[in-house]
1. With n ≥ 4 as the cut-off for DSSP H runs, can you work out [θ] at 222 nm for the chain, using -39500 (n - 2.57) per run divided by the number of residues, rounded to the nearest 500?
2. Keeping the other protein chains in place, figure out the carbon and sulfur percent of the accessible area of the chain, with a 1.4 Å probe.
3. Roughly how big is the chain's charge dipole about its Cα centre, with Cβ charges of +1 (Lys, Arg) and -1 (Asp, Glu), in debye to the nearest 20?
4. In nm, to one decimal, how far is the TYR383 label point from the HIS355 one, both placed 7 Å along Cα→Cβ?
5. With a probe of 1.4 Å, find how much accessible area the chain has per residue, and write the answer as a whole number in Å².
6. In whole angstrom, how far apart do the alpha carbon centroids of region 421-450 and region 20-72 sit?
7. What FRET efficiency, computed as 1/(1 + (r/R0)^6) with R0 = 22 Å and r the Cβ-Cβ distance, is obtained for GLN35 and GLU372, rounded to the nearest 0.05?
8. What shape does region 1-67 have by the C-alpha gyration tensor, where a ≥ b ≥ c are the square roots of the eigenvalues, rounded means a/c under 1.5, and otherwise prolate means a/b greater than b/c and oblate the rest?
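The values are calculated or read from the model by the stated rules, or taken from the named source; none is laboratory data. Predicted model, so just to flag it, every value in this text is computed and none were measured. Virtual Cβ from ideal backbone geometry, glycine too; neighbours counted across all protein chains shown. Side chains are part of the model used for accessible areas, which takes the heavy atoms of the whole protein and leaves out ligands, DNA and RNA. Shrake-Rupley method; radii C 1.70, N 1.55, O 1.52, S 1.80 Å.
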Amino acid sequence: MRPNIIFFLIDGLRADQCYGKDKTSVTPNLDGLIQKGTYFTNAYSSVDGTIISLNTIFNGDFQIGNAARYQKVSLKQNNLIDVLKKNGYRVYGSLPNFASFNTLLQQFENKTDEQIKGKNEEVDPVAAQFKQEKIEGSHSEYERNKATFPTGLTQKIIQILESTEKQEPYFCYFHIFDLHPLREGKMPIGIEDFDDEKYGNSTYAKTVSSIDFWLGKILENINLDNTILILTSDHGERIPYDNVRAVDFEPKLENTVSIGKKILPKSAHNMGGKFLYNIRKSVGKRKLEKSNETLTNYEKRSRETFDNVSLFDEMLHVPLLFANNQIKSKIITGNVHHTDILPTLCNLANIKLTHKVNGRNLIPLTEKNGFEDVPIYIRTRAYVDPTPDKRDSKGIRTDEYKYFRFARNLNENVHLYNLRDDPHENENIAEKNKELISQFEEKISEFEKNDLSDEEDDISEEEKERISSELKRLGYM
């Protein structure tokens, strides 16, 4: 019998809050898993957004060309789930009922929220908006969809794991969104139980401590004798310096808004709103610039809004853990990547891959003393509304250097960093290293020439409209 596989993806989880000297979160359950398995301290996503990251993980390929702009999960032939199914695996999991996740949702054999709607489950707010239905109440969209541990996801996962209808061997995929409310500028539900400095020096770190608490409840239902557990993230995240974000410098102007609504005719409310919006942004920008004067570039970037795309390591450095009672306990410091997950899982499940992928099986490499550095193709998620200053970027990351620039112009927004001397990427050394840049440009061309991912995105107009609606509600547009 092949081993069962349980895949935890914690959306937006940074590697430095899971392991290492900068960790301030309290994670006894994760620490225990690391002690039982193989943990990679230098694992990286090639993209700063969820959808393209999932396509990288499940297809085992860098997302290049058209694939770098996909708006929904796209599983091509011989993806991870396809390979597992061909080898007798049954597939279960949990994801919110968002159009961008439909391709994955359709793979799950357990009932999804859409199928059990009406049985004490909240209606999908995005679907309801699309149907022009009224939804009362508001918090994070993911919390309203019960996609965080304190709002019902813990119970849902335990129910799936305990289900007698589940058949072995199985593959379970659980996507956890507990950190996402912070992106929406909201305090996560349940964080009040961890609102103490002993759980971390930031709201982000305290939320990670909360995640670990709930993860412990789930781990009580997992037997690592016959189960492979994998834990990773889709991308990293910014942790605002001093817990102060850029938007926190903007005046609220609540009294001004209230007075304006009373004295101005309704026909002028829209114009008045735009006027006050511009004032808020202008004042906020000046206050932010003043506060940032003594900060490093890394500290300044930490305060940027989440809709700013980024290829800096705080957005790409992710945890990667494989745990099983037969897997050797090891800490691996060599650079690895999301594309390595598919071939590694197949090796652990005794499945022979018959097609080419960008990734490599990590298990044999962990037995060696040296770890070959393999360049990583990196790409920002696509801007929904690009401007001259805000455009997609692409580049290369190696063990020693990070290079990137605007995707459509190799002479604009050029960045090069020596990661060994400058791990926080504060000093751009591009101007002094033209020869290195030429070498990295050749590597980009090589990746794009040998692209394994470039297929047309099969997406209907109805899906586009619904995804656009989701993005607006989540603050991306």
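1. -9000 deg cm²/dmol
2. Looking at the chain in its full context, I get 46 percent from C and S.
3. For this selection, approximately 740 debye.
4. Output for this residue pair reads 3.4 nm.
5. Averaged over the residues of the chain, the accessible area is 47 Å².
6. Answer, in whole Å: 23.
7. 0.25
8. oblate
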